[in-house]
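Have a look at the structure below, then the notes.
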Amino acid sequence: MSFLDRSHSVAGPGYNRWLVPPAALAIHLCIGEVYGFSVFKLPLASLLGTGGKPGAGDWTQTQIAWVFSIAIVFLGLSAAVFGKWMEKNGPRKAMFAAACCFGGGFLVASVGVRIHSLSLIYLGYGVLGGIGLGLGYISPVSTLVKWFPDRPGMATGMAIMGFGGGAMIGGPLAVLLMKHFSASPTHGVAPAMVVMGIVYFLFMLFGVFTVRVPAPGWAPAGYVPPAESKGLITKHNVSVDRAWRTPQFWCLWVVLCFNVTAGIGILEQASPMIQEMLLVPRATAGIDPADTASIAAAKAPLAAVAAGFVGLLSLFNMGGRFFWSSISDYIGRKPVYFIYLLLGPVLYCLIPVAGRAGSVGFFVLLCVLILTMYGGGFATVPAYLKDLFGSVQVGAIHGRLLTAWSVAGVLGPLLVNKIRESQIAAGATGVERYAPTMYLMAGLLVVGAICNGLVRPVDSKNYLSEEGSKK
């Protein structure tokens, strides 16, 4: 197992740094499957029923939504707890642990599906899988920042765009596998999870075997470090224990939390939302409500269409991560975040308008634009942290900041599902089940914009000396 040690992953002279991004993508494309979890929601809610309808004892969508939320909570917690360990031991060991946890989480969850134990699904996909998410998320990002000091935004975008694209693969793959194993007692859910767990584990090993870290003192050819700090970009370094006590850290924490809360609410509920708001009303228009057989037949193909929508969101989520983070290398991190946090509220407020108009095209356009900025927020924040706190412990600082994602992973789905249930109880249908949530998300983004405006350069009293001690 010494192969996993940091000392065995140091790149030799002449190593091409462009060989590192594929290793990062191998990890992030796998763990990004969590964004496609919504394709499991309806099947999991009807395991005991027939014809896709819930049966007595089936779980509600709100109960199932906690699987996703727990996974995101443990993503942030594990990233925060193990960030310093990862910086010390290197990305290879962290990536291997991520592969074991993430792949194993699927296997444990599949047992929970077979015996109809939601707590076991929480433990497998949520806790164990979430730990794999956190370890797998921060290790490639920290490594790429060190390989690309000249273009940190583009570098983090390369890694994190894979996470955004994970659902583009995972969502359709899950639907395909569930269809293939549909004759199983669990309607294909359990065997699909087994196959996905094994495949993802093996694919993540590619990243483990190929990742490298730069040798001490390495710099890309022609790169000249800044002679002095300029604006928000510092030439100094701040330790993780000092950084998380600064106001800049907590301003960015709120920015990330609210940006994620807004976007994750759409992602987690994407499949049911497009069906309830637009697809089902269109497909069942003109059918007698008492004709349940015809309604069921009209709804049958909609799951595949919704899965395609989830995949499309994933594609734009992925593209936005690379596009916006690369743009931030030219116009700065703070201006890019203002774009996310001021244009976003307008788009959220227009979603109910598109739903009431019955315009699938307009609705999809709004959602994909939102998802580019949602993904861009994730990809830009590591470079934002590097600008403010330096690169020495940026992976550990990033890990602490991801606790904002943990909070948002609970808050976003909880708001969407609870407000949806209250609206249903009040007799709301279609668009009105989601409209109040969209307006609330818009308000959260405005608060995030205010916090972004409050970010200032870090006080010099927080800098590390050249010897690594605090000044």
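As a summary of the residue check, residue 455 satisfies the conditions (1) under 13 Å from residue 256 (Cβ atoms); (2) in a helix (DSSP H, G or I) except for the one numbered (2).
Conditions tested, residue by residue: (1) under 30 Å from residue 326 (Cβ atoms); (2) at pLDDT below 85; (3) not in a helix (DSSP H, G or I).
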position	(1), (2), (3)
376	yes, no, no
380	yes, no, no
385	yes, no, no
392	yes, yes, yes
398	yes, no, no
414	no, yes, no
446	yes, no, no
467	no, yes, yes
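Enumerate the helices (runs of 4 or more DSSP H) found wholly within segment 89-174, keeping only those where 3 or more residues are under 26 Å from residue 369 (Cα atoms). Qualifying helices (runs of 4 or more DSSP H): 129-147. In the list 195, 199, which residue meets the criterion of being closer than 18 Å to residue 168 by Cα and without any contact (Cβ under 8 Å) to a residue 12 or more places away in the chain? 199 is the lone residue from the list that is closer than 18 Å to residue 168 by Cα and without any contact (Cβ under 8 Å) to a residue 12 or more places away in the chain.
Given the structure, is residue 39 of a type in the set (Val, Ile, Thr), under 14 Å from residue 135 (Cβ atoms) and under 19 Å from the mean Cα position of the chain (by Cα)? Judged against the criteria, residue 39 is not a match. State whether one or more residues within segment 266-283 are under 30 Å from the mean Cα position of the chain (by Cα), over 30 Å from residue 178 (Cβ atoms) and surrounded by fewer than 20 Cβ atoms within 10 Å (Cβ to Cβ). No - not one qualifying residue is present in segment 266-283. If I filter segment 237-260 down to residues being among the polar types (S, T, N, Q) and farther than 16 Å from residue 368 by Cα, which single residue comes out as surrounded by the fewest Cβ atoms within 10 Å (Cβ to Cβ)? Here the answer is 246. On inspection, residue 230 qualifies as surrounded by fewer than 20 Cβ atoms within 10 Å (Cβ to Cβ) and modelled with pLDDT under 90. Looking at segment 453-467, can you tell me whether even one residue there is of a type in the set (A, V, I, L, M), touching a helix residue (DSSP H, G or I) at 6+ places or on another chain (Cβ under 6 Å), surrounded by 22 or more Cβ atoms within 10 Å (Cβ to Cβ) and over 27 Å from residue 32 (Cα atoms)? Looking for residues that are of a type in the set (A, V, I, L, M), touching a helix residue (DSSP H, G or I) at 6+ places or on another chain (Cβ under 6 Å), surrounded by 22 or more Cβ atoms within 10 Å (Cβ to Cβ) and over 27 Å from residue 32 (Cα atoms), one finds at least one in segment 453-467, hence yes.
The values are calculated or read from the model by the stated rules, or taken from the named source; none is laboratory data. This structure is a prediction, so every number in the text was calculated from the model and none was measured. No Cβ is skipped: glycine too gets one built from the backbone with ideal geometry, and neighbour counts run over all protein chains shown.
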